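Scroll down for the structure; my scribbles are underneath it.
The values are calculated or read from the model by the stated rules, or taken from the named source; none is laboratory data. What you see is a predicted model, and the numbers here were worked out from it, not measured in a lab. For neighbour counting, all protein chains shown are included, and Cβ atoms are generated from backbone atoms with ideal geometry for every residue, glycine included. What goes into the accessible areas is simple: the full protein's heavy atoms, side chains included, and nothing from ligands, DNA or RNA. Shrake-Rupley method; radii C 1.70, N 1.55, O 1.52, S 1.80 Å.
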Amino acid sequence: VPAPAFRVPPDGELEIGLYRAGGLRVTLFLDADSDGLLDSNELPASSISIALVKDGKPWNLRTGPDGSVSLSSLAPGNYLVRIDAESLPSRALPPDVRSVEVRGGETTDARIAIPLRQISFSQFGDPAGACTDAATPCDDD
């Protein structure tokens, strides 16, 4: 069902238009290998705060257990997806703000990778990975 859209230009004449609403599903995942692709061993990014912004007006949302948020009845156009870095896990690197286009009569799916910092085991006293071989004794001192 088309929804009304109102616009008042500077001359004060009211313009009324109709548009078909669209939907948006944003899915965040923890990208362990930082390749930008959702692999079978990578986890959803749940309980992450995001802001969906259109025309400077934000909708503040939180991802569910599956790492996603879904909205329907959106006006067609471009929306910005901003991820609140404070709500990310400690190893996560905040991704860039992303623009997503919503089209009337369609649901847009946007997957956003949350890259993870890689842990270097050299900081734990095993710079060459020598302790990974069971045949090589490691010094516990």
For segment 93-115, which residues satisfy the criterion of being surrounded by 13 or more Cβ atoms within 10 Å (Cβ to Cβ), hydrophobic (A, V, I, L, M, F, W, C), in contact with a Leu (Cβ under 6 Å, 6 or more places away or on another chain) and more than 17 Å from S72 (Cα to Cα)?
-> I112, I114
D140 fails exactly one of (1) open to solvent by 100 Å² or more (accessible area, probe 1.4 Å); (2) under 30 Å from N78 (Cα atoms); (3) at pLDDT below 95, namely (2)
Among the residues of segment 8-41, the number that are at pLDDT below 95 and over 30 Å from S90 (Cβ atoms) is 14
Any chance you could count how many residues in segment 32-84 are aliphatic (A, V, I, L, M), open to solvent by 20 Å² or more (accessible area, probe 1.4 Å) and outside any strand (DSSP E or B)?
-> 5
